[in-house]
Amino acid sequence: MAPLLRTRQVSVRFGGLRALDDVALELGDGEILGLIGPNGAGKTTLLNVLSGFQRPSTGEVELDGRRITGWDPPRRARAGISRTFQDVRLFADMTVQENCEVAVIGCGGRRTTARERARQALATLDLHRSADVLAKDLPYGVQRRVGLARALCARPRVLLLDEPAAGLNDDESAAMAETVRRIHAELGCGVVVIEHDVRMILGLCHRVHVLDHGVTLRVGTPDEIRTDPEVVSAYLGEEAIA
């Protein structure tokens, strides 16, 4: 069976800098795939390629075996690829409800559809009591959950998460991991998640793709990644195998 989402030998160059070099990533239908690596490894660049915010210099992106390399982000969203961002990117002077609705309207959805999808997403993430609160008045941890709710409004087949636990404390990170696990179970979507919290990744994901300086270092199960000497040396550190 073909992967749900795939890159074929993707490279990205910014002038003389090669951010990604011949990367082949595969996400199975219903799989949670972790994407880890040191700062500057190319993780967010690869997520940008998958979501259409960055055109690869070489290589292809496929969804269900169909080439989507030239598709822009709205078209990919309509096809079922949705994402969050490291810096959340909420509209500060809009309410939580409005922030979710605009994600649907921006992809061509009707206002009635947007309202219903926003309501469902906020209920899923237990944010319904904050529906009328302005985004700028929310605590940081709640803002990150709103960013996730907004991504859910697209009814994704593929959910791309860029450091969903960034800036959260240990309890909030554990709650975010459980939220991602529950969303995956309820929607059955494929998930690609970037995260520096190694324990979260190893406990959440079915497989892990490790990048180092724009190159794939290793792909494997959490147990394989946890004990791989090259991965431990390049990124995880000895504490990750304890």
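The values are calculated or read from the model by the stated rules, or taken from the named source; none is laboratory data. Keep in mind the model is a prediction, meaning the values are calculated, not measured. FYI the Cβ positions are ideal-geometry reconstructions off the backbone, even for glycines, and counts take in every protein chain you see. Calculation scope for accessible area: heavy atoms of the full protein, side chains included, ligands and nucleic acids excluded. Shrake-Rupley method; radii C 1.70, N 1.55, O 1.52, S 1.80 Å.
Assorted remarks:
- Degrees between helix 170-187 axis and first principal axis of the chain (Cα, 0 to 90, nearest 10): 80 degrees
- Accessible solvent surface per residue of the chain, calculated while the other protein chains remain in place, 1.4 angstrom probe, Å²: 46 Å²
- Distance between the stretch 1-64 and the stretch 100-114 - C-alpha centres, whole angstrom: 28 Å
- Given (i) 31, 22, 14; (ii) 29, 22, 16; (iii) 24, 20, 18, the label whose value is semi-axes √(5λ) of the Cα gyration tensor in Å derived from this model: (ii)
- Cα long-axis angle, helix 96-105 against the chain (0 to 90 degrees, to the nearest 10): 70 degrees
- Nonpolar atom fraction for the chain, defined as the carbon and sulfur part of the 1.4 Å probe accessible area, stands at 48 percent.
- Peptide ranges 109-116, 225-232, 140-147, 94-101 listed from the most packed, as the mean C-beta count within 10 angstrom indicates: 94-101, 140-147, 225-232, 109-116
- On Cα atoms only, tilt of 111-124 relative to the major axis of the chain in degrees: 60 degrees
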